[in-house]
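Participant: Submitted below is the structure of interest, expressed as structure tokens.
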Amino acid sequence: MKEVGFIGIGNMGQPMVLNLLKAGFKVKVYNRTASKASEVVAAGAEQVNRPCDVTTPGGIVVTMVANDQVLEELVYSQDGIGDLLGTDGIHLSMSTVSPETSRKLAQYHQDKGSFYSASPVFGRPEAAAAQKLWILSSGNHVAKEKVKPVLEALGQRVFDLGEEPGNANVVKLGGNFMIMAAMEAMAEAFNLAEKNGMDRELVAEVYSSTLFNCTVYNGYGSMIAKKMFEPAGFQLALGLKDCNLVLDEANNTKTPMPLANLVHNRLLSSTAKGRGNLDWSALTKLTNEEAGLE
């Protein structure tokens, strides 16, 4: 169980692989852009040329990729991992995808004799580097027990959300929605202060030190107060993808989410303005513009 395959060496995947190596795991890695794996290879990871090459029958493969389509291709394609995990192999999906995609992949793996365990995370790249991710876990209890050493090497706590495969994704999407809503609220409050002649950074400090002393308000509050949206820890285009998933699930379950629609329009307009590569907190630039502060 000390051998792990890992697919997706991006802003999050890279520090996660480095932490697995530090924990003593032997890690095979695959990334579509091979050059992005150079740092983890230098640290001891073995790079392979196809997704299926990270797979050991009966072993664990971690995926940390951008969206549902990429994840499904990694499983179903000719060079994918789906047919090679073998009996009792585990696909540990840590990507932010739709609950329905997790349910579909869980059934697919079950039919193959393997397992699918959904484990999306809360935390930006700096949290991943510090092994401070909050990990949400749902799926088969046997698989969750087997991947526990992997998850413990990556995060500070694992929340067990039951055996229904989509549960972790529902909670992850709900959390991302609340972050988006909080960013919009912060921007409006900081703008109100600035329009009254106050230092928005000082006001952000007041809120994050008192009523809202938490990760989101401390981290994003500073970025929004300073209007500093680069470098992107999490791209705005990915935020739009996640908000679309939130609204899809809301429609599927007939759950009204009017605030999610407002935030969606912010993200959509920001993308149309060419801001997709900025940090997703850049959705607040529209709020600033409407207040005459850009």
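Participant: From Cα coordinates alone, what are the radius of gyration and Dmax values for the chain in angstrom?
Facilitator: According to the Cα coordinates of the chain, Rg and Dmax are 19.8, 65 Å.
Participant: Counting only heavy atoms of the protein chains, get the accessible area per residue of the chain (1.4 Å probe) and round it to a whole Å² value.
Facilitator: Ligands and nucleic acids excluded, the figure is 45 Å² per residue.
Participant: Could you give the radius of gyration (one decimal) and Dmax (whole number) of the Cα atoms in region 1-155, in Å?
Facilitator: For region 1-155, the Cα radius of gyration and maximum Cα-Cα distance read 13.7, 38 Å.
Participant: Out of every Cα pair in region 159-239, what percent are spaced more than 22 Å from each other?
Facilitator: Percent of Cα pairs beyond 22 Å in region 159-239: 35.
Participant: Between Thr210 and Asn49, how high is the FRET efficiency from 1/(1 + (r/R0)^6) when r is the Cβ-Cβ distance and R₀ = 45 Å? Nearest 0.05.
Facilitator: 0.25
Participant: For Ala181 and Asp160, what is the calculated FRET efficiency with R₀ set at 35 Å and r taken between the beta-carbons, to the nearest 0.05?
Facilitator: 0.85
Participant: How many percent of the accessible area of region 137-189 is carbon or sulfur, using a 1.4 Å probe?
Facilitator: 59
Participant: What do you reckon, how do Lys146, Lys172 stack up by accessible area (1.4 Å probe), largest on top?
Facilitator: Result, largest first: Lys146, Lys172.
Participant: OK, next. For a quick check of understanding: with a 1.4 angstrom probe and all protein chains in place, what accessible area in square angstrom does Tyr108 have, to the nearest ten?
Facilitator: Its accessible surface works out to 50 Å², give or take rounding.
Participant: If Ser35, Ser222, Ser95 are ordered by their accessible area, calculated over protein heavy atoms with a 1.4 Å probe, which sequence runs from highest to lowest?
Facilitator: Result, largest first: Ser35, Ser222, Ser95.
Participant: Using a 1.4 angstrom probe with every protein chain in place, what is the largest-first accessible-area order of Ile179, Ile81?
Facilitator: Most to least solvent-accessible, the answer reads Ile179, Ile81.
Participant: Using a 1.4 Å probe on the protein chains only, how many percent of the accessible area of region 220-294 belongs to carbon and sulfur?
Facilitator: Roughly 54 percent of what the probe reaches on region 220-294 is carbon or sulfur.
Participant: So, taking all protein chains as they sit and a 1.4 Å probe, how much accessible area belongs to His109, in Å² rounded to tens?
Facilitator: Rounded to the nearest 10, that gives 0 Å².
Participant: May I ask for the equivalent-ellipsoid semi-axes of region 209-294, computed as the square root of five times each C-alpha gyration tensor eigenvalue and listed largest first in whole Å?
Facilitator: Result for region 209-294: semi-axes of 22, 17, 13 Å.
Participant: Of the peptides 36-47, 185-196, how do they stack up when ordered by the mean number of other Cβ atoms within 10 Å, highest first?
Facilitator: Packing proxy ranking, top to bottom: 185-196, 36-47.
Participant: Considering only protein heavy atoms and a 1.4 Å probe, what is the carbon-and-sulfur percentage of the accessible area of region 1-101?
Facilitator: 46
Participant: A 20 angstrom limit on the alpha carbon distance is what I want to check against. Which of Lys104/Lys172; Lys26/Lys172; Lys226/Lys285; Lys254/Lys285 exceed it?
Facilitator: Lys26/Lys172; Lys254/Lys285
Participant: Given the DSSP H assignment, sum -39500 (n - 2.57) over each helix run of at least 4 residues in the chain and divide by its residue total; what's the result at 222 nm in deg cm²/dmol, nearest 500?
Facilitator: -15000 deg cm²/dmol
Participant: Continuing with this model, one more query. Which residue, Lys28, Lys144, Lys254, tops the fluctuation ranking in a GNM of the chain built on C-alpha contacts under 10 Å?
Facilitator: Highest fluctuation among the options: Lys254.
The values are calculated or read from the model by the stated rules, or taken from the named source; none is laboratory data. Here the structure is a predicted model, which means the values were calculated and not measured. As a convention, Cβ positions derive from the backbone with ideal geometry for all residues, glycine included, and neighbour counts pool all protein chains shown. Side chains included, ligands, DNA and RNA excluded: accessible areas come from the protein's heavy atoms. Shrake-Rupley method; radii C 1.70, N 1.55, O 1.52, S 1.80 Å.
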